[in-house]
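Participant: Structure below; questions to follow.
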């Protein structure tokens, strides 16, 4: 579900970015000239700076992921509301509506929106209501309690309140849509993964059946029909190879860190069960990730030699990032030779006295030119 | 052993708590036609070794499992006392081999294949020769900076080949097989590099001195190897 929360966060960050852009662009383009136009320019600038500080604190906390608790609203909202009154006190009498030149009255709502970004909707609405009531107080104090004055207050208050609330609600809806879309996508991805896994399991099962068919079924058929003599060395070799392959087949889907060694152990185990002493050495170096077909090509010569071994064998693995060398030395007769069944694995056999040496070397494929 | 001196058998102290293993070792020693090794002490603890006659033996053969304890961490102490320690164990994982060799052991013998190498190893270690057993080859492959030929020789040795078999498989540029003496050189040089990069202790110094004397490495190469932190 982490992808769902990531998408949701991305939607949230996008809406927050838009709100911050509005706050600071408006504060620079509208509020600064309005502050400098006040009769007491220094006081106007001080008000503008105080507003800037409140906006920066709110942005910093919200951008760092905070603002869920009451600390930020408690710190920022009272000064924001007080700022409306302070601005009204510094403005000269005007023919316009008393709230028209009060830039703090309109801009304060946007900072409140940032400060209350992670709080509930009703707190934003409450801010709008209190802000409008303070505006009403200013209108009354300015003695403009007539139909035109109150009507303008309602229009201004409505604009000041409704736009941030609309953005807040819109953002929440967007986040919910994003969360829903991401959840759907995650569910689809899960279904696709499950389908792929099921297909992989089915393919692996089909391949295993095929291999069992190749390795064992023909042999069992020949034994059952009496076409082969179990005392023949060649038959015994075929049976031993089949047994080792079956043991390898049983472990090759195990989820283990060193699959190649795990499979070699299964091959060695098959030989040990008929009394061969197998010295399977711990690997030298880290074995890189190999494909199943590559592991097959590496273990196949070992299976063949171990099946032909009389009494003892030593199996070793030396590897690094570029190559894996699996070798066996055993008192065994040379088995029927077969070419490696994978292009990246080279196999060598050599007989010296009564010892047979076989080595399978996997080399990292060179990149295509 | 300097020129003119009479060659005496190498004395060996065995630190082993399994009687059956000691009997096996005695039989291998007795079966050596050259009678190159004489067992002078058999003890079952390191303390008994240090307090008894075994302290003066040419070589100490140490089993890593004594009673319930693994004594891997005592190898540095023994090598610092100037003892030539040959570890004799079933714990043949290359990392374990590398660790005890790093700690100053002169050689590592796999208990399961010790019969083939035991006397040769003890005799070589007593003379500070860079003798490498197949299980040691695994540890050296993990640890030392090796040339391509040294690595190839060690891989074959680790696989279980004799020097003669390795020589047959390693070819000169012209396609001709190299000699077993050259194989011994490659392996000896790899062993010397490992000693030069390991702990500075008496056994490593003696081995390096011997390698320099035999022309396997030059004195200036010792510093070169040691300057690489392990």
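Participant: Looking at A:136, A:121, can you tell me which residue is out of contact with any strand residue (DSSP E or B) (no Cβ under 6 Å at 6 or more places or on another chain), in contact (Cβ under 8 Å) with a residue 12 or more places away in the chain and over 15 Å from residue A:153 (Cβ atoms)?
Facilitator: Details: A:136 fails: over 15 Å from residue A:153 (Cβ atoms).
Answer to the selection: A:121.
Participant: Go through the stretch A:267-277 and report how many residues are surrounded by fewer than 21 Cβ atoms within 10 Å (Cβ to Cβ), more than 14 Å from chain B (Cβ to nearest Cβ) and not in a loop (DSSP other than H, G, I, E, B).
Facilitator: Within the stretch A:267-277, residues that are surrounded by fewer than 21 Cβ atoms within 10 Å (Cβ to Cβ), more than 14 Å from chain B (Cβ to nearest Cβ) and not in a loop (DSSP other than H, G, I, E, B) number 1.
Participant: Only residues that are within 14 Å of another protein chain (Cβ to nearest Cβ) and in contact (Cβ under 8 Å) with a residue 24 or more places away in the chain: list them for the stretch A:278-302, please. Spell out how you get there, then give the answer.
Facilitator: Looking only at the stretch A:278-302, we keep the residues that are within 14 Å of another protein chain (Cβ to nearest Cβ), and these are A:278-287, A:301-302.
Scanning the stretch A:278-302 gives A:278, A:279, A:280, A:281, A:283, A:284, A:285, A:286, A:287, A:301, A:302.
Participant: Could you list all residues from the stretch A:278-317 that are surrounded by fewer than 19 Cβ atoms within 10 Å (Cβ to Cβ) and part of a helix (DSSP H, G or I)?
Facilitator: A:292, A:293 - these are the residues of the stretch A:278-317 that are surrounded by fewer than 19 Cβ atoms within 10 Å (Cβ to Cβ) and part of a helix (DSSP H, G or I).
Participant: A follow-up question, please. Among the numbered conditions (1) more than 11 Å from chain A (Cβ to nearest Cβ); (2) crowded, with 23+ Cβ neighbours inside 10 Å; (3) touching a strand residue (DSSP E or B) at 6+ places or on another chain (Cβ under 8 Å); (4) part of a helix (DSSP H, G or I), tell me where residue B:153 comes up short.
Facilitator: (3)
Participant: Mind listing just one residue for me: the one in the stretch B:156-168 that is more than 7 Å from chain A (Cβ to nearest Cβ) and not in a loop (DSSP other than H, G, I, E, B) and, of those, farthest from residue B:140 (Cα to Cα)?
Facilitator: Once the filter is applied, the top-ranked residue is B:168.
This table checks each residue for (1) in a helix (DSSP H, G or I); (2) touching a residue at least 12 places away in the same chain (Cβ under 8 Å); (3) over 32 Å from the mean Cα position of the chain (by Cα).
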site: A:28; (1), (2), (3): yes, no, yes
site: A:35; (1), (2), (3): yes, yes, yes
site: A:43; (1), (2), (3): yes, yes, yes
site: A:46; (1), (2), (3): yes, no, yes
site: A:51; (1), (2), (3): yes, yes, yes
site: A:59; (1), (2), (3): yes, yes, no
site: A:62; (1), (2), (3): yes, yes, no
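Participant: Condition first: in a strand (DSSP E or B), more than 12 Å from chain B (Cβ to nearest Cβ) and free of Cβ contacts under 8 Å to residues at least 40 places away in the same chain. Now tell me which residues in the stretch A:322-369 satisfy that.
Facilitator: A:332, A:346
Participant: Still on this model: Given the structure, is residue B:148 within 14 Å of another protein chain (Cβ to nearest Cβ) and out of contact with any helix residue (DSSP H, G or I) (no Cβ under 9 Å at 6 or more places or on another chain)?
Facilitator: It is true that residue B:148 is within 14 Å of another protein chain (Cβ to nearest Cβ) and out of contact with any helix residue (DSSP H, G or I) (no Cβ under 9 Å at 6 or more places or on another chain).
Participant: Kindly indicate whether residue B:137 is more than 12 Å from chain A (Cβ to nearest Cβ) and under 17 Å from the mean Cα position of the chain (by Cα). Spell out the reasoning first.
Facilitator: On the way: more than 12 Å from chain A (Cβ to nearest Cβ): no; under 17 Å from the mean Cα position of the chain (by Cα): yes.
Answer is no for this residue.
Participant: Inspect all residues belonging to the stretch A:251-258 and state whether any of them is closer than 15 Å to residue A:295 by Cα and within 14 Å of another protein chain (Cβ to nearest Cβ). Lay out the reasoning, then the answer.
Facilitator: Of all residues in the stretch A:251-258, those closer than 15 Å to residue A:295 by Cα come to A:251-258.
Remaining after also requiring within 14 Å of another protein chain (Cβ to nearest Cβ): A:258.
Yes, the stretch A:251-258 contains a residue that is closer than 15 Å to residue A:295 by Cα and within 14 Å of another protein chain (Cβ to nearest Cβ).
Participant: Determine whether the stretch B:181-191 contains at least one residue that is within 14 Å of another protein chain (Cβ to nearest Cβ) and either surrounded by 18 or more Cβ atoms within 10 Å (Cβ to Cβ) or under 24 Å from residue B:218 (Cβ atoms) (or both). Explain how you work it out, then say what you get.
Facilitator: At the first step, the residues of the stretch B:181-191 found to be within 14 Å of another protein chain (Cβ to nearest Cβ) are B:190.
Still in the list and also either surrounded by 18 or more Cβ atoms within 10 Å (Cβ to Cβ) or under 24 Å from residue B:218 (Cβ atoms) (or both): B:190.
Yes, the stretch B:181-191 contains at least one residue that is within 14 Å of another protein chain (Cβ to nearest Cβ) and either surrounded by 18 or more Cβ atoms within 10 Å (Cβ to Cβ) or under 24 Å from residue B:218 (Cβ atoms) (or both).
Participant: Considering (1) over 20 Å from residue B:196 (Cα atoms); (2) within 14 Å of chain A (Cβ to nearest Cβ); (3) at pLDDT below 90; (4) surrounded by fewer than 21 Cβ atoms within 10 Å (Cβ to Cβ), say which one residue B:173 fails and leave the rest.
Facilitator: Of everything listed in (1) over 20 Å from residue B:196 (Cα atoms); (2) within 14 Å of chain A (Cβ to nearest Cβ); (3) at pLDDT below 90; (4) surrounded by fewer than 21 Cβ atoms within 10 Å (Cβ to Cβ), residue B:173 misses just condition (2).
Participant: Further, regarding this structure: Go through (1) closer than 24 Å to residue A:94 by Cβ; (2) more than 38 Å from the chain's Cα centre (by Cα); (3) outside any loop (DSSP other than H, G, I, E, B) one by one and return the number of the condition residue A:126 breaks.
Facilitator: If we test residue A:126 against (1) closer than 24 Å to residue A:94 by Cβ; (2) more than 38 Å from the chain's Cα centre (by Cα); (3) outside any loop (DSSP other than H, G, I, E, B), just (1) comes out false.
Participant: Oh, and also: Residues to consider are B:87, B:132, B:125; find the one that is more than 14 Å from chain A (Cβ to nearest Cβ) and either more than 21 Å from residue B:13 (Cβ to Cβ) or in a helix (DSSP H, G or I) (or both). I'd like the intermediate steps shown before the answer.
Facilitator: On the way: B:87 fails: either more than 21 Å from residue B:13 (Cβ to Cβ) or in a helix (DSSP H, G or I) (or both); B:132 fails: more than 14 Å from chain A (Cβ to nearest Cβ).
Just a single option satisfies the conditions, and that option is B:125.
Participant: Let me ask something else about it. Given the criteria in a helix (DSSP H, G or I), touching a helix residue (DSSP H, G or I) at 6+ places or on another chain (Cβ under 8 Å) and more than 19 Å from residue A:15 (Cα to Cα), does residue A:106 qualify?
Facilitator: Yes: the conditions hold for residue A:106.
Participant: Name the residue, out of B:105, B:99, B:41, that is assigned to a loop (DSSP other than H, G, I, E, B), surrounded by 14 or more Cβ atoms within 10 Å (Cβ to Cβ) and in contact with a helix residue (DSSP H, G or I) (Cβ under 7 Å, 6 or more places away or on another chain).
Facilitator: Answer to the selection: B:105.
The values are calculated or read from the model by the stated rules, or taken from the named source; none is laboratory data. None of the values given here were measured: they were computed from a predicted structure. Virtual Cβ from ideal backbone geometry, glycine too; neighbours counted across all protein chains shown.
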